[in-house]
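To start, the structure under review is shown below, and the notes come after it.
The values are calculated or read from the model by the stated rules, or taken from the named source; none is laboratory data. Here the structure is a predicted model, which means the values were calculated and not measured. All Cβ positions, glycine included, derive from the backbone under ideal geometry; neighbour counts span all protein chains shown. All accessible areas refer to the heavy atoms of the entire protein, side chains included, with ligands and DNA or RNA removed. Shrake-Rupley method; radii C 1.70, N 1.55, O 1.52, S 1.80 Å.
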Amino acid sequence: MHFTINGTAYTAEPDIRTSLLDLLREHLGLTGSKKGCDHGQCGACTVLVNGRRINSCLSLAVMHQDDEITTIEGLGTPEDLHPLQAAFVKHDGYQCGYCTPGQICSAVGMLDEVKKGWPSHVSETLGDVEFNDGEISERMSGNLCRCAAYPNIVDAIRDVAEAKA
Amino acid sequence: MKTFTYEKPASVEEAVGFVGAGTRFIAGGTNLLDLMKLQVETPDKLVDISRLDLAKIEDTDNGGLLIGALVPNSDLAADTRVREKYEVLSRALLAGASGQLRNKATTGGNLLQRTRCYYFYDPAMACNKRTPGSGCSAIGGYNRILAILGASDSCIATHPGDMPVAMRALDATIITLTPGGDRRRISIHDFYRLPGDTPEIETVLEPGELITHVELPAPVAGKQLYRKVRDRASYAFALVSVAGLVSVENGKIATAQLAFGGLGPMPWRDSRVEEALIGMAPSDEVFAAAADILLADAQGYGSNDFKIPLMKRTLIACLRELTA
Ligand SMILES: Cc1cc2nc3c(=O)[nH]c(=O)nc-3n(C[C@H](O)[C@H](O)[C@H](O)COP(=O)(O)OP(=O)(O)OC[C@H]3O[C@@H](n4cnc5c(N)ncnc54)[C@H](O)[C@@H]3O)c2cc1C
Ligand code: SF4
Ligand code: FES
Ligand code: FES
């Protein structure tokens with residue numbers, strides 16, 4: 001099977017049952033994406049597929065051979081952090097860091113959804129969406145943080161959203 | 001997970017050619033893979049329909065919408081036509097799951113998602129839906145999230161979906177392709193089955209029948225809402241929910257379309273509730289009488305008894321808002 005991950009072509013022959021998450025971690029050595037629950041409940045495994053955030057644990061690798069996949073390793077490097085990575089560092093948006101790659105990939109996808117004008121459950125109207133902290137919390141509710149770093153995560157995301165606006 | 005063979009058909013016709021008892025279509029995979037990991041589902045063949053050309057939302061000649069079975073929940077919720085004319089549907093979708101899941105979950109898969117009954121998910125426990133004839137652990141067990149209407153002695157599971165509740169309030173039609181190559185149009189009102197003594201059979205679909213589209217009729221006048229009551233403010237399944245479309249003319253309720261989630265094995269609708277409202281001037285007494293009709297046959301099983309008063313209060317609150 002052939003995959004494109006972070007712009008690099010990979011070949012692997014995993015078992016047909018392999019999830020996208022296990023492909024990344026166990027077959028390709030991309031261990032940035034984390035496994036929390038393996039059932040779509042925690043968001044630690046969030047990656048971007050063709051720019052959209054998904055839970056890589058609930059998807060089969062074999063179904064992603066034509067896709068562009070971006071993981072936390074593809075967003076930035078220690079020398080050249082992605083703005084969200086830098087904001088998480090600045091605002092201490094973590095304690096243990098286990099949920100952080102998923103939080104950051106999810107936030108990248110989420111800010112793109114906001115840019116496209118997608119409403120959320122807490123949006124007052126389904127017309128023009130106003131962006132605020134309540135929107136950040138609702139839109140990030142698929143990413144759990146066992147350390148409850150939530151206030152700092154919201155600060156980090158708000159910073160980047162405001163800088164973009 | 002049990003192993004399986006994998007097929008990637010290039011057309012809907014080819015997809016329905018793979019019929020067999022152990023065959024499952026896979027779309028977003030967010031429900032099927034979850035259940036396969038637990039060996040609740042053990043298909044021997046997966047037919048990957050995710051790349052078929054069924055991801056468009058089109059206008060119909062009679063002013064409605066034709067939604068491809070593979071339209072992701074996110075895209076359906078964000079579609080401007082849906083946001084403007086079928087607000088109840090956008091709202092129901094946005095109240096479900098998480099941003100990541102909605103990006104993968106499809107229209108067809110959402111209709112067919114299985115119950116979240118705790119015992120169905122646990123192969124160590126008796127469950128008639130998972131293993132017909134083994135018994136029902138939820139009757140006499142933990143049943144906080146389970147049914148108060150439409151249940152049977154075999155199964156008290158609820159359909160957990162939000163989108164299907166809005167679809168039922170909107171009188172949607174499900175369009176399919178049978179393995180024999182026939183197109184079927186099935187009203188959502190006839191699509192789901194009560195459990196009776198075969199709770200493993202949940203819809204009228206034949207084995208191997210593919211949902212290709214869901215059609216919505218032209219939008220109706222009036223206010224629309226979806227209200228979901230749950231254990232936390234986000235990212236949780238409904239305890240009870242209401243999808244409502246109500247119009248008021250000259251101080252009287254002119255039209256009412258109401259469907260309910262969390263109550264039964266299918267998104268629930270009861271025409272007697274709507275008949276009790278139409279022609280009446282809105283008041284709390286009228287709303288309470290309608291709720292009593294809805295809940296006349298409701299039965300709690302212990303830990304879900306609270307749903308009966310919760311549903312009554314929620315419906316009254318929704319009707320106040322819809323007629324304000
Ligand atoms: C943590 C979590 C929270 C969730 N919260 C909610 C919630 O709050 N509200 C809610 O409504 N849902 C919720 N969901 C469920 C989610 O909405 C469903 O998993 C999703 O809609 C299923 O769609 P899918 O495309 O991924 O289906 P799949 O998993 O691909 O398929 C589901 C079933 O449908 C069949 N199928 C799929 N497409 C077709 C078709 N076109 N024709 C015939 N058969 C088909 C498959 O064979 C399978 O049996 C949640 C899920 C998770 C994991
Ligand atoms: S309620 Fe239905 S799904 Fe739950 S244990 Fe009983 S038979 Fe199984
Ligand atoms: S590991 Fe995928 S959501 Fe938890
Ligand atoms: S930082 Fe520890 S789980 Fe989020």
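Tell me whether chain B comes out rounded, prolate or oblate; compute the Cα gyration tensor, take square roots of the eigenvalues as a ≥ b ≥ c, and use a/c under 1.5 as the rounded threshold.
The shape class here is oblate.
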Would you list A:M1, B:M163, B:M125 from the most to the least accessible area, probe 1.4 Å? B:M125, A:M1, B:M163
Among all helices in chain B defined by DSSP H, which have a length of 18 Å or more along the axis from Cα atoms plus a Kyte-Doolittle mean of at least 0.0? B:307-323
When the accessible area of chain B is computed with all protein chains present and a 1.4 Å probe, what percentage of it is carbon and sulfur? 51 percent
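With the other protein chains left in place, how much accessible area per residue, in square angstrom, belongs to the range B:3-42 at a 1.4 angstrom probe?
41 Å²
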Loop only per DSSP, at most 15 neighbouring Cβ atoms within 10 Å: give me the GluC sites (Glu not before Pro) in the range B:176-252, ordered by residue number. B:E200
Here FRET efficiency (C-beta to C-beta, B:D53 to B:D305, R₀ 51 Å, nearest 0.05) is 0.60
Using a 1.4 angstrom probe on protein heavy atoms only, which residues from the range B:96-122 are buried by at least 40 Å² of accessible area when all chains are present rather than their own chain alone? B:Q100, B:N103, B:K104
Between A:S33 and residues 5 or more places away or on another chain, which pairs have amide H atoms under 5 Å apart, with H built 1.01 Å from N, and which residues are they? A:I72
With a 1.4 Å probe and every protein chain left in place, work out the accessible area per residue of the range A:1-90 in Å², rounded to a whole number. 41 Å²
The A/B contact buries a total accessible area, at probe radius 1.4 Å and rounded to the nearest 100 Å², of 3300 Å²
Can you pull the percent of chain A's accessible area that's carbon plus sulfur, 1.4 Å probe, other chains left in place? 50 percent
Give the lysines reachable from A:K116 as a straight Cα distance under 25 Å; neighbours fewer than 8 places away on the same chain don't count. A:K164, B:K56, B:K85, B:K104
Would you pull out the residues with amide H under 5 Å of A:S19's amide H, same chain only if 5 or more places away, H placed 1.01 Å from N? A:A61
Pop out the ³J(HN,Hα) list for the range B:177-193 in order, Karplus 6.51 cos²θ - 1.76 cosθ + 1.60 with θ = phi - 60°, rounded to Hz; leave Gly and Pro as x. 10, 7, x, x, x, 8, 8, 10, 10, 10, 4, 4, 5, 10, 6, 8, 10
In Å², what does the accessible area per residue of the range B:223-323 work out to with a 1.4 Å probe? 40 Å²
For a quick check, take a GNM of chain B with Cα springs below 10 Å and name the residue from B:R227, B:R168, B:R184 with the largest mean-square fluctuation. B:R184
Largest-first principal axis extents of the Cα set of the protein assembly as shown (Å): 69, 52, 50
Taking a quarter of the surface of the Cα convex hull of chain A, what do you get in nm²? 9.6 nm²
Per residue in the range A:129-163, which ones lose no less than 20 Å² of accessible surface when going from chain alone to all protein chains (1.4 Å probe)? A:E138, A:S141, A:G142
So the label point goes 7 Å from the Cα of B:A281 along Cα→C-beta, right? Which residues of the range B:233-259 then have their backbone N under 14 Å from it? B:249-253
FRET efficiency, B:N62 to B:D190 (Cβ-Cβ, R0 22 Å, nearest 0.05): 0.65
